[in-house]
C-alpha cells in the first residue's frame, strides 16, 4: 500500500511539473509615473531574431532585434514588416524591412513605427505636417504615428506632437526642440521626452466626420460639357448637399 501511495505521489508531482513548464511564462510588469506599463525583458535567442529578419538591411534588423529583446516575439509578421499589437502605451509597434532615408534633424533611416490613439483636431493638421515628415495621422481612425530609427526618437516625436496639439508649442519651436533633444540623445544625455510618453493614451479617438447627402444623378444630368460653364454643377451641389 505504501509503495502504491508513493507511486501515485510521484505521478502527481510529475504532472504538476509538466503543467508548470507548459503554462505561459509570465513577465513582471512595472507602472511608471505616467501610467505606462512596462514589461521585464524577455529571453529571445538570436535564432528567433534571425527567423524574422533574415536578409533584412542592417538598420532594420538591429531595430527589430532591439524591440524583440524588449517585447518578445512580434504578434504579426511578414517578409517586409513585423508588428506588436496592444503594447501599452502604444496601440501598435512595427519594424519595416524597407529603410527610408530622412535628413531631419540629421541623416538617419526610418524603420520603426509607433502608433497611439489620439484625436487630431483639423486645425492642427497643418502644423503637425510642418513639424516632422515622419509624423503622420489618421483622423478617421483617431491614430497618430511616428516613424524613425528607434523607439526613443518616436517617443520624442509623439510627445512634441502632443504639445503642438494642446497649444504648448508651435511647429517651429517643436522642430528646434526635436533637433536639440535628438543630438543630446546621441551624446548620451537622456531627456524625459525620450523615456516615455508624457501624455495619457486617449479613448474614443476615431472621427467619423459628418454624412453628406448628394443627388449624384441630378448633378450628372446638369454636368456641363468639357470647357463649358461649370456654374450649373456648382448650383446643383449647393442645392442638394444637406447635413
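The values are calculated or read from the model by the stated rules, or taken from the named source; none is laboratory data. None of the values given here were measured: they were computed from a predicted structure. Cβ sites come from the backbone with ideal geometry, for glycine too, and all protein chains shown count toward neighbours.
Consider the range 181-193. How many of its residues are surrounded by 14 or more Cβ atoms within 10 Å (Cβ to Cβ) and either assigned to a helix (DSSP H, G or I) or within 20 Å of the chain's Cα centre (by Cα) (or both)? Outline the logic, then answer.
To start, the set of residues in the range 181-193 that are surrounded by 14 or more Cβ atoms within 10 Å (Cβ to Cβ) comprises 181-182, 184-185, 191, 193.
Filter once more, keeping what is either assigned to a helix (DSSP H, G or I) or within 20 Å of the chain's Cα centre (by Cα) (or both): 181-182, 184-185, 193.
Total meeting the criteria: 5.
Residues 30, 76: which one is modelled with pLDDT of 95 or more and either outside the structural domain of residue 149 (by TED's automatic domain parsing) or surrounded by fewer than 18 Cβ atoms within 10 Å (Cβ to Cβ) (or both)?
76
Looking at 136, 176, 129 in this structure, which one is free of Cβ contacts under 8 Å to residues at least 12 places away in the same chain and within 13 Å of the chain's Cα centre (by Cα)? Break it down stepwise before answering.
Values: 176 fails: within 13 Å of the chain's Cα centre (by Cα); 129 fails: within 13 Å of the chain's Cα centre (by Cα).
So the residue among 136, 176, 129 that is free of Cβ contacts under 8 Å to residues at least 12 places away in the same chain and within 13 Å of the chain's Cα centre (by Cα) is 136.
Kindly provide the set of residues from the range 90-123 that are buried (at least 17 other Cβ atoms within 10 Å of the Cβ), within 15 Å of residue 143 (Cβ to Cβ) and at pLDDT below 95, ordered by number.
120
So, of the residues in the range 38-60 that are crowded, with 17+ Cβ neighbours inside 10 Å and within 18 Å of the chain's Cα centre (by Cα), which turns out to be modelled with the lowest pLDDT?
38
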